[in-house]
Structures are given as structure tokens and as C-alpha cells.
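Working notes, structure below.
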Amino acid sequence: MTASATRRHPGLNLDHGDEAAQLQTEELMFGFWIFLMSDLVLFALLFATFGTLRHALAGGPGPQTLFELGSAAKETALLLASSFTFGLATLSMKHEHATGAVLGWMGLTLLLGAGFLGLEVHDFVSMTDKGGGIDRSAFTAATFALVGTHGLHVTFGSLWIVVMMIQVGLIGHRRDDSPTHAAGRRKLVDRVHNRMLRLALFWHFLDIVWIGIFSFVYLGGLAR
Amino acid sequence: MSLWHALFGKLGYDALPFYSAIATGAASMVVIGALVTVAGLTWFGAWGTLWREWLTSVDHKRIGIMYVVIALVMLSRALIEGCLMRAQQAVAYDQKGFLTPDHFSQLFSTHGTIMIFFMAMPFLIGVINFVMPLQIGARDVSFPVLNSVSLALTAAGAALLMVSLCLGKFSTGGWSGYPPYTEIAYSPGVGVDYWIWALSLSSIGTTMTGLNFAVTIYKKRAPGLTLMRMPLFVWAALCTAILMVFAMPPLTVATSLLALDRYAGAHFFTNGGGGNMMNYVNLFWLFGHPEVYILILPAFGVFSEVFSTFSAKALYGYTSLVIAVMAIAVLSFTVWLHHFFTMGQGADVNSAFGIATMLIGIPTGVKIYDWIATMYRGRVRFSVPLLYALAFLILFAVGGLSGILLANPGVDYQVHNTVFLVAHFHNVIIPGVLFGMLAAYHYWFPKAFGFRLDERWGRISCALWTAGFLLAFMPLYVLGAMGLPRRTVSYTEAAYHPWTLIAAGGAALLFAALASLIIQLVVSIRHRAALAVPAGDPWDGRNLEWSVAAPPPEYNFATLPHVDGIDAFARRKSAHDAYPAPPAYEDIEIPRPSALGPAIGIAGVAAGFGLTWHIWWMAGLGLLLAIGAVIARSFVRETIEVIDAATVAAEDRAWRALLASEPAVDRDAECASANRGLALPEAV
Amino acid sequence: MSKAPGYRDELRSYVVGIVLAVLLSGVSFALVAWHPASLRTTLWVISVAAALQALVHFRCFLHIDLSRQKRDDLSLIVFSVLVILLMVGGSFWIYDSQMSLMQPSAA
Ligand code: HEM
Ligand SMILES: [Cu+2]
């Protein structure tokens, strides 16, 4: 099978051998793309809401008081790095590196994600301490809603990484690991692959949403 | 006190519905209905069957049927509520009537919410679920377990609405729930919270359904079934699915932000704190307008099937119909502002959206003419589905015209918020959506259960729906033009009274129409032997769903069909090769039943109920259960079941033997008991 | 499998992606941290950098390109972007109109 025939869907392609498995993968990936696009509409509307309410301070503190450039920069760095490490996790899965390598990259991604979430919690707490809690004004509400929804997504993504690490550990990620009970095993491994591909899309997608957040919420608010 | 609060949140004895006789009666009906169902299931020892064959089933046909059952139950409740409101307005001239304003407001809120989200939506999703995979020659949808989860989420939302009859009061904010009225300051009770969580559950389910349908239609079509060969119903399903994917998120955003206002003291839509309620209105109608096309497009699809089948002709102007559906789908994202012409934006904005709205009339008009032309010189049979289609054709045109009137911002300023609007949307929604779904119910019932519905009661019911609709809603155009505001509990204007009396008479007829529908079902079940159509093709159908037995086998097709043109089955019949025997049979893989759906459903009810009543442990438990169930499911190894080729072959051969032994009937005998579901090919 | 891109080729795509992403983010953050440019210019540069970075992510991390096999998904994305532009653009238009008419201070 030539590479071009098997590389049909976007995202990393694991070059599954047989046609049926490939079709299955394409169906799953297409479905997941539709989900992502629906989610993107949700984020777009949260952005629009933020955009219309960003000046509605109601006498409360504004972005200059509430946001910290350093924190936003660290968050951006962590999330970018995590996108890269997750890319390496899928790559080493595709090229059948040792299970330890795959798990290592996933674990690193998880740590980076957790660091990101920790900083975000720190941001929320410090905003509230400075008198800019979610109930202060329409501006703070819109900020919490947009950034918080992204944070919730990252939380679920992290949980998903944990589950996938367990499954990679239990099932493995190489299609032809053991010649015994091959067919059943291959199906399981295919399933692990398909889930990893979707998780990768999800994780990279969250990074794209974050570009919008740091650019328009944090930098847009702090620019003078 | 605080222990009570920790355990039961805001729940207290005052949540029981003893504030009015009608509320007590309604709650008793729900409780008695639930008890009777439980007792009946236990008596007949049917719990196991219910669990194994239905609740955990991931078969698209069963899921479709369960959706329609939900829709019919909810239709009964909401229709009774509509009749109560009409009765109230009929007697409330210069006096209070029998409903308090608060209770009346609950009624229009539940009626509207149920009719849209728990009647029309489940009905059309159910019909698409049942029909679409059969029409595209597939064995199931792309994600069968997700399908069952979507059903469970919809059911959970409906359950929450039923619970709200028994515990606490529902929202009084209407089906659209506009703030600031629905903010905590003005609606401190749990009603709005019930509304928010019921809607949230069902809209997540609907988004997933849209995704599922879209992928199925893109990726699972039978070999040879190119896009431009798809039945029109499938086109409609595709456009509806796309609208669901893109139009549900705005609703989710609107209701979630409202929830943040109510639970976390945020200021999105409040009067103070920089909030802006216009934000909500904008978000709500970003969803709301596409939503009405989510409702109507499947009905258009059904009518396309019905007109062509019962005229024994291919659809006139297939390509133009396809273009029209797609045009409507895209245009529906450009007109949402016509729901708030009066909110204060400039005349330039209003005119742009007004013109876009009028444009939708063009593709809709194209469709109407195509349907008429389909009947022209056809072999037209006035069976029940076609009767609904004809009633639709005439009444929908009237409703559409009143819509064109409203699309003019100037006119809208006059009749905005009067019952003219109520007349308009019932005029498009009842003849359009409801008649469409009833036509679908009559048309595909024989496919689902193997016997036709009684024709005589079907005609009676159709006549009652039509007459009842005209009497109940035409007067509202007059009343609206005279200035009666919508959502009015009582009035002192004598000129209104005769018209409200007529409308109440119409509502009574509508109630009779529902009753006759139920009678029809009972009568048909009794006479099912005489009405049986096991061969599967009672109407001389044109698409693939009619080419298999009724009811179809679990795997739909013993061998996947090949398609070489529009109206695949009609082509085969006219080539006298209706049922080509397959050269060989193969093993068929089908997904196993899964308990994930029911688990998510229970989790959804728990989370929704807990959030509504501030019972935090219950809400948390529900959320954990949902997450845990999904994770647990991902560890299940055996998800597939194999039906071996020998079994498939035996079942298929048995059906073929039946085909050989049944008489083929002419269309004159379509409604006679001689019709066993084998059609005599028309002599062209 | 000889035609399949090797590990190094694919790794390069990720490395290019991360380098570009860091550069683009860096520019935006630097402009805000040291404000060398006017507010107007700063905001413009941030917006353009954000759009470019989104494209970089789509290309290098999500592997979306213009090749034939990916047309389905690409058209899905393009359609989504169209719907989003309609929704967001329309909302802002409506909003600005309402604000300009209803807030006396703005007049
Ligand atoms: C079949 C018999 C029906 C009757 C007798 C009926 C009656 C009514 C009445 C009396 C109202 C209140 C009007 C007012 O505000 O003054 C109403 C509102 C409404 N109805 Fe119906 N209706 C029926 C069917 C339907 C159907 C099939 C749908 C939709 C699928 C529907 C959707 C609505 C909605 C959305 C509202 C607005 C609720 C609100 O004000 O928030 N109705 N109906
Ligand atoms: Cu509309």
C-alpha cells in the first residue's frame, strides 16, 4: 500500500495496513473533526461575548490591574511545549518506538498541562483577590467564562491523557507485538491508535484556541 | 436546618404541587402514569426484555422508535397544556378565569419548551434515525453507542420536565427564557434552573446526533449511492444534521452564561454590573432561527418522499429541490435578527436582515411548485400520508405568507409580541412540522412494525387536525391584528371574546385529533393480522428502505445493495428485478448492546436535578458517574457481535420464500387487507 | 512502506511548527512588554501574528494541507469558518448599531 493511499485524513496518519481499519479510522476522525468544529463555534461565541463586554467594567478593575503578562507568557510557553511533546508522543507511537518512549512523552505532556492549569488557577485567585472576581462586572464574568471554558477543556484533556497512558501501558501500541491471538489484539491496538489520534487533534486544537485567548484577552487587554 | 440543606438543598415540603387543583391533578397523573408503567412491566415480567432489547440497544431502528415514543408522550402533555391555555382565554374575558397568572405563565413556558425540544426534535430525530440508514443502504449509523447516549440525554431532559410537574414550579419565562426576567433577582425559584438544565441535557444530545448523522451520510452510503443520487429525505437529514452541529452551540452558550449569572452571581445579562440582556437575545436567536429549519427540513424531506411515492412518479425537479434545501440551510444562518427587529438597532441593520429573510421564500416556493408538479399526471392515491401532505401544501403556503409579512420590519413593529406571531408560527409549525411527522409516522409505521395503521381512523384524525388547526389559529391572526398581546392571561376588551371562543373550540378539536390518533393505534394493533405487510413494500415505495422485510432484520440488509441511480428500488422494480438474490452471504458484524446510554441518562437526571435544587452531592455524583461510565466503556474489549453467514442466509431465504408466496397487489388494493406488502409493478 | 515519510521528516514538521509558534508568540508578547510601537500598530501585529500562528498550527501540528485526500475535512473547516464569520461578524454589527443608537455618551 502506497503512502498516499493510506494518508487520507488530516492529523497524524499511522498507516494502518488493511482497508477496513483505515475506513474505520477515517470515519472516527471525520466525526471528531465535526465535534471540534462545533466546539470552535462555542469558543467563537464566547470570544464574541468577551469582545462585546470587554469595556463593561461597571466601575471595577480592568485588564491592566487584573492581568499579569508574566503569567500569560508562562502559560503560553507551557501549552506550546505540551503541544510539541504530544506531537512527539504520537510520532514515537507511529514509528513504533519503545512503549516507554511513548509513555514518557505523554507523561511530560501531562506535567506541562498540569503546570498550565496550576498557573491558570493562580490567575483566577489573584484576579479575585484584586477585586476582580467573576461577580464583579460583565468584563470579569466574560473573562472567567472564556478562559475557564478553555481550562475545563484542558482538564478533560489531561484526564484523557491519563486514561490513554493506562491503555497504552496495558495494551501496548505496536500492531504486531505478539504473534499469538493476533487478530483480537490488533483490533485493540487499532483502537488505542485511533484514540491517540483524536486526543492529539483535541490537544492541538486547544492550543489554537489558546492563541486567541492570549492574543485578544491578555495581550489585547494589556497593550498600551 | 443546615444538615437538611446539605442533603436536600432547596427542597422542602412547599415544593409539593398542592397550590392548585390543576397542578395537583397533573402531578398525580405523572405519578400514576409512572406507577402504572412500573407495575405493568413487573406484572408482565418485561423488565429484562426492556433492558436487553430496548434500553441498552444500539440498533438505530429501536433508538428511532424510542425517540418517537418520547415525542408522542410529550406531545400529549403539551397539547393538553395548549388546550388549557385556550380554555383559560375563552373564559377570562373581564374575569380571572381558572388559572392564576403564575400558573398560566408556567403553562406557556412548558408548552413551548416541550413542543420544540421534547416533541418536535425527538420526533424528527427518531424518524431520521429509523429511516436514513435504511435509505442509504447502511447497517447502522456511524457511531451506534453515541446514538444511544444522545437518546439517553434527550430522555433525561424530558424526565426533568416531568419531575418539574411534581416537585417545585417550572419557569415562567417562556420557551425563550429572556433575561433579565429570568435572572435570580426576578425569578428566584428553581423554575428557570429546571429549564436551563433540561435544555442543556437535550442540546448536548442533539449536537451529538447531528454529528452522527452527518458522518453517517458522508461515509456510510452504499456503493454507487453518490450524493446526487440520494433520496431527498437523506438530503434533508444531512442539512438538518449540519444545522444541529453549528446551531446548538449558541444555545449552550446562552443558557450556560445565564446559569453563571444565576449560580455564580456573574453579570452577563443582568441590569447592573455592566450586563447586557441583548447579548442573550442575540445568542438565543443565533440558535433559534436555524432551529426552526432543523425542524422543518426533515418535514420537507418526508413530504418529498410522500408526494413521489403516492403519485408513483419520480420527484419533479430533483436537482432544484436539492439546491433549495442547501440554500435554505445556508441562508438560515443569515436571518436571526428578524426575531428582534424591535430591539433598537438601526434601520440599515433591520433592512438587511429583513431582505435576507424574504429571500428564504424563494427556495421554499421552488419546493412547493416542485411538489405540485410531482403530482401532475401521477397515479395519485389519497392515502393518509398524502392527505397530510396536501393539507400541508395549502396551509403552509398561508403560514409562509404571513411570515413574509412579518419579515417587513415596519409591519413587525405593529404586530410584534401579539398573538399574530403566535398564529404565524403555529401556522408553519403545525401544518409543517407536526403534519410532516404524522405523515412520516403513517408512512413508515408498516416498515417498523410489519402492519399498516387503520386507514379510517387515520382519515378521521387527519380531518380533525386540519379543522382543529384552522379553528384554533386563524382567529389569532385577527386577534393579533386587533392588538391582543401574546402570553395574556385575561383581558377586558369585549371584541376579543368571540374569537377566543372560536379558538377554544378549535383546541377541543385538536384534542379529539390526538385522541383519535391513540384510538387508531389501538384499533390497528387489534387488527394487525389483517393489516400485516410482511413482504415489506406496502406503498410501492421507491427507495431502499422498502426493499427489505417489514420489520427489517437487525442488520437491515443481508447483503449491501448496489445503487445505480435515483429511486434505486423503483428502478429495480421497473426492470423486473426487484429482489435480486445475492450470490453468497457473509458474516455480519454488529455492535453489541451497551449500558453506557442508560448510565449517562441516569447521571444526567441526577446532575440536572441536583443542580436545579442545589443538592451539590447529587450533582457531583451525577457528573462523576457520567465520566466514570465513559472511561469504563473505553476499557470494554468485546464491542462487536458476529451474526454468521448461515443465520443470515436462513433468514433471508425465509423472507424470499414469503415473497414468492404472497400475492402482488395493484395500487387500487393499497388499503385492502389483500395488500401484504408486495407491489405489482406498474404497467407504464 | 518506503514511500512513507520517515521519522526525521515528520519530526522536522513539528520542529518547524514549534519554532514558528515561539517566534510569533514572542513578537506579540515583546510588543506588549516593551511597547515600542503605537497601540494601533501593536494590536494589528498581535492580530496578524495570531492568525498566522493558527495557520502554522493547522499545517504543522494538525497536518491540514491542500492535498486531494483531505478536501472533505478542509471544506468542513472552511464552512465552519464561514459560519463563524457570519455569526461573530453579524453580532458585532448588530451590537455596534445598538450601542451607537442607545448610548447618549457615544453620540
Ligand atoms: C396542537 C395544538 C396546540 C395548541 C392548542 C397550542 C396552543 C398554544 C397556546 C395557547 C400558546 C400560548 C399563546 C400565547 O402566548 O398567548 C402557545 C404557545 C406556543 N406554542 Fe403552541 N399550541 C399547539 C401546538 C404547538 C406545536 C406543535 C408547537 C411546536 C412544535 C408549539 C409551540 C409553541 C411555542 C414555542 C409557544 C410559545 C411559548 C412562549 O410563549 O414562550 N405549539 N401554544
Ligand atoms: Cu427566524
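Could you tell me the total accessible area buried at the A-B interface, probe 1.4 Å, in square angstrom to the nearest hundred?
That pair of chains buries around 2900 Å² in total.
Measure nothing but the geometry: give the 0 to 90° angle between the long axis through the Cα atoms of B:191-219 and the longest principal axis through the Cα atoms of chain B, rounded to 10°.
The helix B:191-219 is inclined about 30 degrees to chain B.
In the range B:608-684, what GluC sites (Glu not before Pro) fall in a loop by DSSP, with at most 16 other Cβ atoms inside 10 Å?
Loop-located and lightly packed - B:Glu638, B:Glu682.
Across peptide A:208-216, how many C-beta atoms of other chains are within 10 Å of each residue C-beta, on average?
Mean inter-chain Cβ contacts per residue within 10 Å come to 6.
Once fully extended, how much extra length lies between B:Thr226 and B:Ile640, figured as 0.36 nm per residue of separation less the alpha-carbon to alpha-carbon distance?
146.2 nm
From the phi of every residue in the range B:639-645, what ³J(HN,Hα) in whole Hz does the Karplus formula 6.51 cos²θ - 1.76 cosθ + 1.60 yield, where θ is phi - 60° and glycine or proline is x?
Per-residue couplings from phi come out as 10, 10, 10, 10, 9, 7, 4 Hz.
Only residues of the range A:158-172 count here: report those whose backbone N is under 16 Å from the spot 7 Å along Cα→Cβ of A:Leu111, or say none.
A:162
Buried accessible area between B and C (1.4 Å probe, both chains summed, ligands and nucleic acids excluded), in Å² to the nearest 100?
Heavy-atom accessible area buried at this interface is about 1700 Å².
Among residues other than B:Arg262 whose Cβ falls under 9 Å from its Cβ, what is the net charge (Lys/Arg +1, Asp/Glu -1)?
-3
Give me a single rounded figure for A:154-165: the average over its residues of other chain Cβ atoms within 10 Å of their Cβ.
The mean count of partner-chain Cβ atoms within 10 Å per residue comes to 1.
Once the piece of chain linking B:Ser320 and B:Ile631 is laid out straight, how much longer is it, given 0.36 nm per residue of separation minus the C-alpha distance between them?
107.3 nm
Report, for the protein assembly as shown, the % of DSSP beta bridges that are antiparallel, rounded to 5.
Around 75 percent antiparallel, to the nearest 5.
Near the amide H of B:Phe451, under 5 Å away, which other amide H atoms are found, from residues 5 or more places off or on another chain, if H is placed in the peptide plane?
Amide H neighbours of B:Phe451: B:Val533.
With angles folded into 0 to 90 degrees, how steeply does helix C:39-56 sit against the dominant principal axis of chain C? Use alpha carbons for both and round to 10.
30
Across the residues of A:140-150, average count of Cβ atoms on other protein chains within 10 Å?
The shielding value for this peptide is 3.
So if we plug the beta-carbon distance of B:Trp43 and B:Leu359 into 1/(1 + (r/R0)^6) with R0 = 56 Å, what FRET efficiency do we get, rounded to 0.05?
In this case the efficiency is close to 0.45.
For the range B:534-545, just list the computed ³J(HN,Hα) in residue order, Karplus coefficients 6.51, -1.76 and 1.60, θ = phi - 60°, integers in Hz, with x standing in for Gly and Pro.
x, 5, x, 10, x, 9, 6, x, 10, 10, 4, 4
Roughly how many whole Å is it from the C-alpha centroid of the range B:619-633 to that of the range B:484-532?
So the two Cα centres are separated by 43 Å.
Put +1 on the Cβ of each Lys and Arg and -1 on the Cβ of each Asp and Glu in the protein assembly as shown; which of B:Phe420, B:Ala397, A:Leu201 then has its Cα farthest toward the positive end of the dipole?
In the protein assembly as shown, that residue is B:Ala397.
Enter the accessible area per residue of chain B (Å², integer; probe 1.4 Å; all protein chains in place).
37
Could you give the spread of the C-alpha atoms of the protein assembly as shown along their three principal axes, from largest to smallest, in whole angstroms?
The Cα atoms of the protein assembly as shown stretch 84, 79, 58 Å along their principal axes.
Would you pull out the residues with amide H under 5 Å of B:Thr418's amide H, same chain only if 5 or more places away, H placed 1.01 Å from N?
Distant-sequence amide H within range of B:Thr418: B:Arg486.
All other residues with a Cβ under 14 Å from the Cβ of A:Trp210 taken together, and with Lys, Arg as +1 and Asp, Glu as -1, what is their net charge?
Summing Lys and Arg as +1 and Asp and Glu as -1 gives -4.
Report, ordered by chain and residue number, the lysines lying within cross-link reach of A:Lys187, taken as a straight Cα distance under 24 Å and ignoring same-chain residues fewer than 8 apart.
A:Lys94, B:Lys219, B:Lys220
Grab the DSSP H runs of chain B that are 4 residues or longer, score each as -39,500 (n - 2.57), total them, divide by all residues and round the 222 nm result to the nearest 500 deg cm²/dmol.
-21500 deg cm²/dmol
Explain nothing, just compute: Karplus ³J(HN,Hα) = 6.51 cos²θ - 1.76 cosθ + 1.60, θ = phi - 60°, for every residue of the range B:466-481 in order, whole Hz, x for Gly and Pro.
Working through the residues one at a time gives 5, 5, x, 4, 4, 5, 7, 10, 4, x, 5, 4, 5, 4, x, 5 Hz.
Taking the Cα centroid of the range B:330-366 and of the range A:131-166, what is the distance between the two, rounded to the nearest whole Å?
A separation of 35 Å, based on Cα centres.
Between B:Arg653 and A:Val163, how high is the FRET efficiency from 1/(1 + (r/R0)^6) when r is the Cβ-Cβ distance and R₀ = 30 Å? Nearest 0.05.
0.05
At what distance in nm do the modelled label points of B:Ala584 and B:Ala515 sit from each other, each positioned 7 Å from its Cα along Cα→Cβ?
6.1
Could you order the peptides A:30-39, A:51-60 from most to least packed, using the average number of other C-beta atoms within 10 Å per residue?
A:30-39, A:51-60
Would you kindly state the longest site-free stretch of chain B, with sites defined as chymotrypsin sites (Phe, Trp or Tyr not before Pro) in a DSSP loop (not H, G, I, E, B) surrounded by at most 12 other Cβ atoms within 10 Å?
Longest stretch, sites excluded: B:45-375.
Under 28 Å Cα to Cα from A:Lys74, which lysines show up? Leave out anything in the same chain fewer than 8 places away.
Filter leaves A:Lys130.
Between chains C and A, what is the buried accessible area in Å², counting both sides, with a 1.4 Å probe and ligands, DNA and RNA left out, to the nearest 100?
Result for this pair: about 4300 Å² buried.
For B:Lys573, list the lysines whose Cα falls under 20 Å from its own Cα; do not include residues on the same chain fewer than 8 positions away.
B:Lys313, B:Lys447
To the nearest 0.05, what FRET efficiency results for C:Leu39 and C:Arg59 with a Förster distance of 45 Å applied to their C-beta separation?
E(calc), rounded to 0.05, equals 0.90.
Would you grab the residues whose amide H sits under 5 Å from the one on C:Leu62? Only those 5+ places off in sequence or on another chain, please, with H modelled 1.01 Å from N.
Long-range HN contacts for C:Leu62: none found.
Find how much the distance from B:Arg379 to B:Trp616 grows on full extension, using 0.36 nm per residue of separation minus their present alpha carbon separation; answer in nm with one decimal.
This chain segment gains 79.0 nm when fully extended.
The values are calculated or read from the model by the stated rules, or taken from the named source; none is laboratory data. Please read these numbers as outputs of a predicted model, since none were measured by experiment. Please note: Cβ atoms are built from the backbone with ideal geometry, for glycine as well, and neighbour counts cover all protein chains shown. Accessible surface is based on the protein model in full, side chains and every heavy atom, while ligands, DNA and RNA are left aside. Shrake-Rupley method; radii C 1.70, N 1.55, O 1.52, S 1.80 Å.
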